[in-house]
Each structure stands twice: as structure tokens, then as C-alpha cells.
Amino acid sequence: MDINWIAEAFGFGAIIFNIFGYRSNDMRRYLILSGGAMLCLSTHFFLLDAMAAGIGCGLAAIRNAVALKVRGMKILILFLSINIGFFVFEWVVLQHGYLIILAYTSSIIFTAGSIIFTDTAVMRRWFLFAESIGLVYALLVGSIFGSIFNTVNLISIVIKMRHIKKPPNHC
């Protein structure tokens, strides 16, 4: 079987996890479902040789698991430092191109948001921006389901935000 098909299958699995994650109003449930999505997406990007996104998504899965138990400035600094460390390694040692800036910027926004925010409404606003950056990256590296993943997530966030803003219709 072609490795790209296997990679895209993992991308599809990530979509399924995240559709339910972004619809959740409970931060704990969101972190669990999003962590599953990030494991799938990390595998997806590594199989496509998109190392920066593979690392970012893998760290996101670990970060979500940690954020279920521990939050705070020390955890935030730890995960931001790890993201920046991997970025510097890829940029300086491996000499990967400018595209990695998109992947790591998105990862850093998700890292800060998953650890700092406890309000899902605030989280969704920041994650709109991060998902948009992720979409551009996925398109540029040729990731079919990565692109679909980000698009579905953007749509899910917008739908949920619109649903919450609408007052109930009392007849």
C-alpha cells in the first residue's frame, strides 16, 4: 500500500476526533479528543515527511495530556521552550525552509491556548487564527487530509461560535 494513503488515513482519523472535540463545551473533553486527533495528525505529517508539523502535533498530544492534570506558567514555559527548541534545531541544524515557521507558529498558539485558557469561547477565537495558519501549511506541503482537517476545524469553530451567540428561539 502506498505510504501516502496510509498517511491520509491517519489524517482522516484526526478529523473524526477533532469534529467532536471542537463541538465540546467541556475543556477536559476537548483536550482528550484533541489529543487523539493530534496523535493521528502527528503520524500523518511524519509519514508525509513534514517534520515540523509532525513534531508540533506530537507535542500537542503530550501537552493536552499534561494539561488535563497540570496547568500553569511552568508547564506553558516548558512546552513553549520545547517548541522553540525543535524550531531552532530544524532551522539551524537541519536547515529546513521557511515553511516550518508556519507549523511552529500554529503549534505555539495551540500550546499557549491549551494551557492558559479555561474558557472554550476564548480558546475558539485564538484557535481560528492557529487553524488558518495550519491550513496554509498543510496546503503548501500537499497534505490532503491535513488541509481538510484544518478546514473542518475552522468550520466547526465558526458554527459553534455562531450557535453560542444566537439567543434561544422561544415560541
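Worth pointing out:
- Flag set for Val122, criterion: out of contact with any Cys (no Cβ under 6 Å at 6 or more places or on another chain), surrounded by fewer than 16 Cβ atoms within 10 Å (Cβ to Cβ), of a type in the set (Val, Ile, Thr) and under 26 Å from Leu33 (Cβ atoms).
- Lone unmet requirement of (1) within 24 Å of Gly11 (Cα to Cα); (2) surrounded by 14 or more Cβ atoms within 10 Å (Cβ to Cβ) for Tyr98: (2)
- Selection of segment 95-135 for residues being assigned to a loop (DSSP other than H, G, I, E, B), modelled with pLDDT of 85 or more and not small (Gly, Ala, Ser) yields Gln95, His96, Tyr98.
- In segment 2-30, the residues that are within 15 Å of the chain's Cα centre (by Cα) and closer than 18 Å to Gly58 by Cα: Phe10, Gly11, Phe12, Gly13, Ala14, Ile15, Ile16, Phe17, Asn18, Gly21, Tyr30
- Residues that are under 11 Å from the mean Cα position of the chain (by Cα) and small (Gly, Ala, Ser), drawn from segment 124-146: Ala130, Ser132, Gly134, Gly146
- Residue pairs whose Cβ atoms lie under 7 Å apart, separated by 6 or more positions or on different chains, with the first residue in segment 89-106 and within 9 Å of Ala52 (Cα to Cα) and in contact (Cβ under 8 Å) with a residue 12 or more places away in the chain and the second surrounded by 15 or more Cβ atoms within 10 Å (Cβ to Cβ) and of a type in the set (S, T, N, Q), are Tyr104/Asn83.
- Output for segment 1-41, where each listed residue is exposed (fewer than 15 other Cβ atoms within 10 Å of the Cβ) and acidic (Asp, Glu): Asp2, Asp26
- Among the residues listed as Ile6, Ile55, the single one being over 24 Å from Gly85 (Cα atoms) and either modelled with pLDDT of 85 or more or touching a Ser or Thr at 6+ places or on another chain (Cβ under 8 Å) (or both): Ile6
- Positions within segment 67-83 being in contact (Cβ under 8 Å) with a residue 12 or more places away in the chain and assigned to a helix (DSSP H, G or I), in sequence order: Ala67, Leu68, Ile75, Leu76, Phe79, Leu80, Ile82, Asn83
- Residue pairs meeting the criteria (Cβ under 7 Å; at least 6 apart or on separate chains; first without any contact (Cβ under 8 Å) to a residue 60 or more places away in the chain, in segment 23-45; second not in a helix (DSSP H, G or I)): Leu33/Ser24
- Residue selected from segment 8-65 under the condition among the acidic types (Asp, Glu) and not in a helix (DSSP H, G or I), by the criterion farthest from His163 (Cα to Cα): Asp49
- The criterion of being touching a Ser or Thr at 6+ places or on another chain (Cβ under 9 Å) and either surrounded by fewer than 20 Cβ atoms within 10 Å (Cβ to Cβ) or not β-branched (Val, Ile, Thr) (or both) holds for Ala67.
- Any hit, segment 130-139, residues being surrounded by fewer than 24 Cβ atoms within 10 Å (Cβ to Cβ) and under 16 Å from Gly21 (Cβ atoms): yes
The values are calculated or read from the model by the stated rules, or taken from the named source; none is laboratory data. Everything quoted here is computed from the prediction, not taken from an experiment. Neighbour counts run over all protein chains shown; Cβ positions are idealised from the backbone, glycine included.
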